[in-house]
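Comments concern the structure below.
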Amino acid sequence: AWRGLRYGDERTVWFPVFSGRINTVTRRSHGLCEVSCVDLAGDVADAAFETPTSSRTGASVLAEYARLVRGALPAAIFGDHDPIRAGVPAITWDTDRAKAIDDLATGVGALWYPLADGRFVMRFVPWTRAATPAVTLTDAPGGIITDAKVTLTRDGVFNAVTVTAERADGTTPIRWSMRDTDPTSPTYFFGGFGRKITIVQSQTSITPVQARAVAQTQLARAAALTETWELTCIPDPALELGDVVTVTAQGRSSTQVIAAITLPLSTTGAMTVTTRAHTPGLE
């Protein structure tokens, strides 16, 4: 699926907004047809391992990522990854191919996903990495925001993370805990936020140093939900998941990361953008 922009001088620029497989087709009595689709990550999730599968010990995480994706989609293409240089330990996966890739990504503090044009990427968690905002979204005259809602919530927010790594090959189990110990943080472990702890199981964290790195990243992910925005905007198909943006609305300004986009394919209707706080200081 594509969507374009037509400028005042009649130039038209097209952007891919979705690539995936048709999953369900429904026809209603008045003739309207509804089509639901799933992006290419759905194909990876569908292609469970038929037999237990072992990792290629010593291969790079990115190479192993490509191998596992192509096991489900032989013709898969890949985009620009972040510079992830970690290697893969000896692991045996049972059935869940997508969970195996989740484990690889979690172990290096990254996310994996297909872009709108279908290219698969693995990138560091965007809300924990320093970045310059790509664009300012504003409700001021000339801006594209028509409505904005900002939310502060404890739901899904944790201020302590414990990483455990225990593999079936007999490797000594690793356990590492990390807390938000910044007294100025709204999620300070010993403050009024309360104590909320999450447990992360990782097959790839085989040393205390690696477990500590995972705990740091996971803590940053958990604490980054403290402020979220839901924006109603004039459609802009150039925006992508993971973009760091400046949101200026309701008389306040905040650096945010785009976490979800709802984009109409018709020439009418507004776009909805959901963001989460950009908190690189927690990294």
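What would the Debye equation give as log₁₀ I(q)/I(0) for the chain at q = 0.09 Å⁻¹, counting only Cα atoms as equal point scatterers? Summing over Cα pairs of the chain leads to -0.52.
Net charge dipole, the chain: roughly 320 debye, given to the nearest 20, about the Cα centre with Cβ charges of +1 for Lys and Arg and -1 for Asp and Glu.
Under a 1.4 angstrom probe, counting protein chains only, how are Thr268, Thr53 ranked by accessible area, largest first? Present the calculation step by step, with values, prior to reporting the outcome.
Values: Thr268 95, Thr53 30 Å².
Largest to smallest exposure gives the sequence Thr268, Thr53.
Since only Ala47, Tyr7, Ser36 are under comparison, the one whose Cα sits farthest along the positive direction of the charge dipole of the stretch 1-54, derived from C-beta charges on Lys, Arg, Asp and Glu, is Tyr7.
Mind telling me which of Ala134, Ala165, Ala249 comes out most flexible in a GNM of the chain, alpha-carbon contacts under 10 Å? Looking only at Ala134, Ala165, Ala249, the largest GNM fluctuation is found for Ala134. Springs join every pair of Cα atoms under 10 Å in this Gaussian network model of the chain, and among Thr51, Thr207, Thr255 the largest mean-square fluctuation is at Thr51. A simple spin-label model places the labels of Glu34 and Ala59 4.1 nm from each other, with each point 7 Å out along Cα-to-Cβ.
Students sometimes get this wrong: rank Thr274, Thr95 by accessible area, probe 1.4 Å, all chains present, largest first. List each step's numbers first, then the result.
Numbers: Thr274 50, Thr95 70 Å².
Solvent-accessible surface, decreasing: Thr95, Thr274.
So if I average 1/r over every pair of distinct C-alpha atoms in the stretch 51-203 and take the inverse, what Kirkwood radius in Å does that give? Don't jump to the answer; show the numbers that get you there.
Values: mean 1/r = 0.0535 Å⁻¹.
Across the stretch 51-203, the inverse of the average 1/r is 18.7 Å.
In the stretch 174-283, taking the dipole from charged Cβ atoms about the Cα centre, the farthest positive-side position among Thr272, Thr248, Ile174 is held by Ile174. Across the chain, the mean sequence separation of Cα contacts (distance under 8 Å, 6 or more residues apart), normalised by length, yields a relative contact order of 18 percent.
The values are calculated or read from the model by the stated rules, or taken from the named source; none is laboratory data. This structure is a prediction, so every number in the text was calculated from the model and none was measured. Backbone-built Cβ (ideal geometry, glycine too); neighbour counts: all protein chains shown. Please note that ligands, DNA and RNA were not included when accessible areas were found on the heavy atoms of the full protein model with its side chains. Shrake-Rupley method; radii C 1.70, N 1.55, O 1.52, S 1.80 Å.
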